[in-house]
1. Helix 24-33 sits at what angle to the longest principal axis of the chain, using alpha carbons and giving 0 to 90 degrees rounded to 10?
2. Roll a 1.4 angstrom probe over the protein heavy atoms and tell me the percent of accessible area of the chain that is carbon or sulfur.
3. Hey, got the dipole for the chain? About the Cα centre, +1 on K and R Cβ, -1 on D and E Cβ, debye to the nearest 20?
4. Helix-only estimate, please: 222 nm mean residue ellipticity of the chain, summing -39500 (n - 2.57) across DSSP H runs of length 4 or more and dividing by its residues, to the nearest 500.
5. In whole Å, what three semi-axes, largest first, describe the equivalent ellipsoid of the chain built from its Cα gyration tensor (square root of 5 times each eigenvalue)?
6. How much length is gained if the chain between Val141 and Ser251 is pulled fully straight, taking 0.36 nm per residue apart and subtracting their Cα-Cα distance, in nm to one decimal?
7. Can you give the accessible area of His91 in Å² (nearest 10), computed on protein heavy atoms with a 1.4 Å probe?
8. Projecting each Cα onto the charge dipole of the chain (Lys/Arg +1, Asp/Glu -1 at the beta carbon, about the Cα centre), which of Tyr240, Gly207, Pro29 comes out farthest on the positive side?
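The values are calculated or read from the model by the stated rules, or taken from the named source; none is laboratory data. Keep in mind that what you see is a predicted model, and the values were worked out from it rather than measured. In this analysis, Cβ positions are derived from the backbone assuming ideal geometry, glycine residues included, and neighbour counts consider all displayed protein chains. Ligands, DNA and RNA are excluded from the accessible area calculation, which covers all protein heavy atoms including side chains. Shrake-Rupley method; radii C 1.70, N 1.55, O 1.52, S 1.80 Å.
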Amino acid sequence: MTELLLVLAGLFAGTLNTLAGGGSFVLFPALLAAGIPPVIANATNTFASLPGYASGAVGFWSDIVRHRERLLAYSIVGLVFGYAGAELLLHVSNQAFVLVVPWLMLFAVVLFAFGARINAFVRLRAGSGGRRQRAGAIGLVLLLAAISLYGGFFNAGLGVLLLAFLALAGFTDIHAMNGLKLWISTVVALAGVARFALSGAIDWYHGAFALAGIVVGAYGAARLAKRVPTPIIRTLVIVYGIGLTGWFFWSAYFG
């Protein structure tokens with residue numbers, strides 16, 4: 001039953017990630033329900049989510065290569081600070097992480113719910129002048145470093161943060177933004193998975209079932225994407241995420 005639960009959760013998570021995002025809201029709790037300790041469940045969630053990022057980046061490759069001059073810098077920052085975020089997670093006890101998770105989930109739900117408005121706000125104020133972009137180059141590197149650190153520590157909501165960063169960096173083509181978002185997410189997840197693997201923090205057995213479900217769910221959803229009303233799915237994910245966050249707060253502080 002545990003393996004079946006994880007396959008079904010992976011199917012649902014892969015479908016959500018393709019259609020609207022928010023798959024971690026399903027998979028992470030499912031890994032906890034399978035009896036996996038919180039820190040290892042978080043690491044395993046990153047491992048299971050990695051193929052979705054990578055396959056998505058492949059799909060947007062023609063849009064990504066148009067900005068190949070930025071890939072090296074973005075990749076280096078993502079690798080270094082994604083690894084640092086994973087390292088930080090491994091130095092947090094399960095007891096402490098249980099207290100942090102509700103706040104991380106709340107942050108992720110807010111990002112998911114208001115991501116479009118956040119990105120529009122950032123894009124409006126990003127400016128497109130070369131002088132202004134050059135003046136903010138250091139700030140952009142620091143922002144990407146902070147986002148990558150967060151992604152290595154906790155995966156949920158990473159995509160929204162990266163889209164906001166890319167808007168601030170002056171991007172306006174949504175296809176290029178989605179492609180670069182997936183590229184950086186892949187790099188951050190790879191760094192995290194490498195660190196988690198070195199420390200034995202990934203539950204490979206249970207993670208493999210979740211990964212299989214994610215791959216099948218993402219593929220199936222991609223074929224049906226145009227037939228599904230995304231706003232309805234997003235609304236359901238937000239309602240579910242709010243309820244889940246409330247449950248995490250109750251369990252951590254009052255349970």
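1. For 24-33 against the chain, the angle is about 20 degrees.
2. Numbers: 8870 of 12330 Å².
Result for the chain: 72 percent of the exposed heavy-atom area is carbon or sulfur.
3. Details: 15 positive and 6 negative charges, 201 e Å.
Roughly 960 debye for the chain.
4. Details: 12 runs with 215 residues, N = 255.
Counting only the DSSP helices, I get -28500 deg cm²/dmol.
5. With the √(5λ) rule applied to the chain, the semi-axes are 28, 20, 18 Å.
6. Values: separation 110, 0.36 × 110 = 39.60 nm, distance 3.70 nm.
Additional length available on full extension: 35.9 nm.
7. It works out to around 140 Å².
8. Tyr240
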